[in-house]
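Structure record follows, encoded as structure tokens.
Laboratory data are not the source of any read-out in this text; all were calculated from the coordinates shown. Not measured: the values here are computed from a predicted model. Counting neighbours? That spans all protein chains shown, and the Cβs are built from the backbone with ideal geometry, glycine included.
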Amino acid sequence: MNLIPSNLYKEMLINLPILCVDVYIYNESTKKFLLVKRNNEPEKDKFCCTGGRVLKGEDLYKAMCRKVTEELGMKIKEGKLVLFGVTNTEFKNSIYSSVGSHTTNVSFLYIVNQESDLKIKLGGVESGEVQWKAGEEKEVVEFVRLTIKKLKQNIDANVDFNALYVNFRQ
């Protein structure tokens, strides 16, 4: 799969919402989320969930696996992955400072029991520092804080996430 040429992607940002996947990696032991500090706009230098745009020819699962590998250098194991919602974001800027962006994000929850379940190697240019965070900190992107708040409410209410498990291989 090829990336979209820069001039075409800029036109798309001006005229279309971009389909993205978001992955919220949650540690059941510490009750924290693995967040990545963004190196690019929008929201440069803030912590965000792992994710990004879906490329032509990719299904959601492949896009999500690719983004996790690119940004964290790790592989997703089936069975711990839950599809939990769709969000929309709008930013006044993007990688092009004068052009805003609008995304529709399909969100997944990936549950780990302890940090040792993960083997992380930082990947792409969009990702920087990685930290486990509660998700309430000011340096976390606002839509991510709101999503984590809703996720925590469901976790505290003992929602059976196994009932929401998505089998992409059927």
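Cross-link pairs exceeding 28 Å in C-alpha to C-alpha distance, out of 10/37; 31/138; 62/138; 62/150, comprise 62/138.
By its C-alpha gyration tensor, with a ≥ b ≥ c as the square roots of the eigenvalues, how is region 1-79 shaped: rounded for a/c under 1.5, else prolate for a/b larger than b/c, else oblate?
Details: a/c = 2.48, a/b = 1.51, b/c = 1.64.
In terms of gyration-tensor shape, oblate.
Spacing of the modelled spin labels on residue 146 and residue 45, each 7 Å from Cα toward Cβ, amounts to 2.4 nm. In region 1-30, whose amide N lies under 19 Å from the spot 7 Å out along Cα-to-Cβ of residue 95? List them in ranges. Hits in region 1-30 for residue 95 at 19 Å: 1-23.
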